[in-house]
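The values are calculated or read from the model by the stated rules, or taken from the named source; none is laboratory data. Nothing here was measured: the structure is a model prediction, and the numbers come from that model. Cβ: placed from backbone, ideal geometry, glycine included. Neighbour counts: every protein chain shown.
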Amino acid sequence: MDVDEIRSDLTEVLITEDEIHAKLAELARRVETDYAGNPPLLVGVLKGAVMVMADFARELKMHVEMDWMAVSSYGASTESSGVVRILKDLDTEIAGRDVLIVEDIIDSGLTLTWLRANLESRGAASVKILALLRKPEAAKVEVDVEYVGFEIPPAFVVGYGLDYAEKYRNLRAIGVLAPHVYQ
Ligand code: 5GP
Ligand code: MG
Ligand code: MG
């Protein structure tokens with residue numbers, strides 16, 4: 001879906017499809033260098049990271065395996081609690097593997113802090129993080145994110161995998177959701 005279809009649902013288009021793809025290409029070149037001869041296992045966090053994973057993985061000029069986890073950190077509230085539940089676990093045994101977590105966005109960073117510790121505790125050789133977007137809140141916690149696409153303002157964004165009530169994930173661009181949609 002293109003922005004034109006839902007223009008009035010957004011206050012602003014933050015990042016276009018072309019800008020996303022150019023950034024993923026940039027990150028892919030870094031990952032190819034950093035993991036040369038030693039391709040990582042990409043672990044996508046469902047559902048938001050589906051688009052990032054699909055485009056980033058295809059951009060890579062190296063063999064990679066892909067696996068998926070689904071976690072829930074919010075419970076009933078809209079604030080991240082840091083209490084994480086695994087809804088779908090990996091199929092892959094990761095002991096000794098170099099793992100690269102692929103995420104859509106880091107807000108509080110609590111989910112990723114938990115996830116990294118969880119994967120490290122399974123004996124992964126290394127666990128690094130790639131996130132397409134990062135909000136300023138993330139600065140409050142000590143989560144080292146090796147690969148960040150874009151730093152964005154603290155607004156609620158949708159598109160390119162990111163949803164509001166399960167909608168807008170299939171929007172090609174990333175935009176700020178207009179308040180009238182959720183008020
Ligand atoms: P946190 O880093 O706060 O633990 O949680 C990050 C998760 O919250 C993301 O994976 C995403 O599902 C959700 N999230 C955080 N900020 C936004 C946003 O601006 N838009 C959308 N659609 N989801 C967000
Ligand atoms: Mg996510
Ligand atoms: Mg969501």
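Does any residue of segment 102-111 turn out to be among the charged types (D, E, K, R), touching a Pro at 6+ places or on another chain (Cβ under 9 Å) and modelled with pLDDT of 95 or more?
The initial filter retains those residues of segment 102-111 that are among the charged types (D, E, K, R), namely 103-104, 107.
Keeping just the survivors that are touching a Pro at 6+ places or on another chain (Cβ under 9 Å) gives 107.
Checking which are modelled with pLDDT of 95 or more leaves us with none.
No: segment 102-111 contains no residue that is among the charged types (D, E, K, R), touching a Pro at 6+ places or on another chain (Cβ under 9 Å) and modelled with pLDDT of 95 or more.
Tell me, please, whether a residue that is modelled with pLDDT of 95 or more and either surrounded by fewer than 23 Cβ atoms within 10 Å (Cβ to Cβ) or in contact with a helix residue (DSSP H, G or I) (Cβ under 8 Å, 6 or more places away or on another chain) (or both) can be found in segment 138-146. Step through it out loud before you land on a result.
Keep residues of segment 138-146 that are modelled with pLDDT of 95 or more, which gives 146.
Okay, now just the ones that are also either surrounded by fewer than 23 Cβ atoms within 10 Å (Cβ to Cβ) or in contact with a helix residue (DSSP H, G or I) (Cβ under 8 Å, 6 or more places away or on another chain) (or both), so 146.
Yes, segment 138-146 contains at least one residue that is modelled with pLDDT of 95 or more and either surrounded by fewer than 23 Cβ atoms within 10 Å (Cβ to Cβ) or in contact with a helix residue (DSSP H, G or I) (Cβ under 8 Å, 6 or more places away or on another chain) (or both).
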Point to revise | Boolean, Val52 is closer than 18 Å to Gly161 by Cβ, within 16 Å of ligand 3 (Cβ to nearest atom), modelled with pLDDT of 95 or more and not small (Gly, Ala, Ser) | key: yes
Point to revise | Residues that are within 23 Å of Ile174 (Cα to Cα) and either more than 14 Å from ligand 2 (Cβ to nearest atom) or among the aliphatic types (A, V, I, L, M) (or both), drawn from segment 31-55 | key: Leu42, Val43, Val45, Leu46, Ala49, Val50, Met51, Val52, Met53, Ala54, Asp55
Check your understanding: Out of all the residues in segment 150-182, which are buried (at least 22 other Cβ atoms within 10 Å of the Cβ) and either away from ligand 3 (no atom under 12 Å from the Cβ) or on the phi > 0 side of the Ramachandran plot (or both)?
Key -> Gly159, Tyr160, Gly161, Tyr168, Leu171, Ile174, Gly175
